[in-house]
Each structure stands twice: as structure tokens, then as C-alpha cells.
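The structure under discussion appears below in the form of C-alpha cells.
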Amino acid sequence: MRHLMFSALLYAVLFTLTACAPKTGVTPLPKNASLAVAAFQQPTHSWELLDGNLPEEHVVLPEKVLGGMDAELDAQLAKRTGRSYVGPGVVRQCQEILLSKQSRSRPSAFAFWQEVGECVPTDFLLVPQVFQWQERSGNDWSVNIPAMVVFDLYLIDIKNKTVTRAHYEEQQHSLSENVLNAGTFFKRGGKWITAEQMSSEGLIYCLEELGL
């Protein structure tokens, strides 16, 4: 028992040191570059995927989940960068215009979003996609079903026609189930968090990965 507690504390210390270390290899978005942000979407067809695969079990997410993630992404961008950007409303108009012209055939997801970015127009387009969302069943200290989220943020460089992906996937586990995740366990105060709280942590991680 003492050995387990010592191991958990050691991993917590290592996690803290790692979290405090500066990230390398991330190029911040140029301050003079324009940015547009699409609304969170849940892909239902393969052609909508910028990367990866559709989940084996598809459960349609409520609009309040997507809207909540949009609001959290907006708050995080404002907090982290303070930059102004073209919001989902304008981006959605371009999506609808292009979709109406492509009723008989669908381009690749990348080609579609490239055209959306040119329509806005913008230098960079952030496309968020959520694949899975499982609400916590229980409370802070005891759960029947833990929270789980899986989503991607894609930053498309419209001029250079390149895309950078940031992926976040987590299902919360108890300390006994995964001692290697002790740092995160103690950072959360040993509590079982909600899917909303988990997605907020995930958005921070992904924005850091993208240099935003």
C-alpha cells in the first residue's frame, strides 16, 4: 500500500515538472494573420473527415453539447490570444453556399474547407470536430459511468494549403485503474469531472498544440 502511494506521488511530481516545462516545436500563429473559426460539428459521413475514422457506434450529440463547446472555444481563444476572428456565423454562410453548389458530388473534406477559407476570406481557418461525448453519471466522488470526450481541432493554412491537427481523447479512470495518470488525478483534486470540464481541459491542450 505504501509503495502504491509513493508511486502515485512520484508520478504526480513528474507530471507537474513536465507540465511546467515549455513546449517546443510549436510555431505561434502570426499576429497579423487573420483567423476564422467554424462551429463544432459531428461528422456523420466519411467525406466530412479531415483525418481518422468515424466511431463504430454513432450517437448523435444534442445541439446544446455542440453549442457549449463553441462557447468554450470562443472563451478560450479570447483568454489565450485576445485576437479578433471571424466567427462561426460567417463561416457557416460560406459552408452553405458551397454545399448548395456541390449537391451532386462531394469533394474531400480538406478541399471543401480550403474553399470555405477562401470564401470567408481568411489566412487560417480553425475547424473543430467532435466524435464522442459521454456524460458523467454520478457526482464528484462516485460515478457509475465516467466522462469521456474525443475531438479534433484542425488549423488550415489557406495560402499554403496545409493542415495541422490537434487530437484530444480521454475517458477518466480511477487512480487504481491507471496509476500512470496520477498527475492528472491529483491536479483534479481526486474528483470525477464532467464531460464539459474535460472538454475545457482538452481545448486548452489542443490550442497550445496549434500555437493559438
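Summary of computed values
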quantity	calculated
Val90-Tyr205 FRET efficiency (beta carbon distance; Förster radius 41 Å; 0.05 resolution)	0.95
Proximal charge balance of Tyr85 [Cβ under 11 Å; K/R count +1, D/E count -1]	-1
By average C-beta atoms within 10 angstrom, highest first, the peptides 28-38, 124-134	124-134, 28-38
Set of aspartates and glutamates near Lys187 by C-alpha distance (under 13 Å), chain-local residues within fewer than 8 positions excluded	Glu201
Reachable lysines from Lys31, criterion Cα separation under 27 angstrom, eight or more residues apart if same chain	Lys23, Lys79, Lys159, Lys161
Efficiency of FRET from Cβ geometry, Trp141 and Trp47, R₀ 45 Å, rounded to 0.05	0.55
Asn32/Lys64 FRET efficiency (R0 30 Å; Cβ-Cβ; nearest 0.05)	0.25
Local electrostatic count, Trp113, Cβ distance below 13 Å [Lys/Arg +1, Asp/Glu -1]	-2
For peptides 56-64, 195-203, 71-79, sequence by mean Cβ density within 10 Å, most packed first	195-203, 71-79, 56-64
Cleavage-rule hits (trypsin sites (Lys or Arg not before Pro)) in the range 88-136: DSSP loop, at most 12 neighbouring Cβ within 10 angstrom	Arg104
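Here, each number is a calculation from the coordinates, and none is a lab measurement. Values in this document were obtained by computation on a predicted structure and should not be read as measured data. For neighbour counting, all protein chains shown are included, and Cβ atoms are generated from backbone atoms with ideal geometry for every residue, glycine included.
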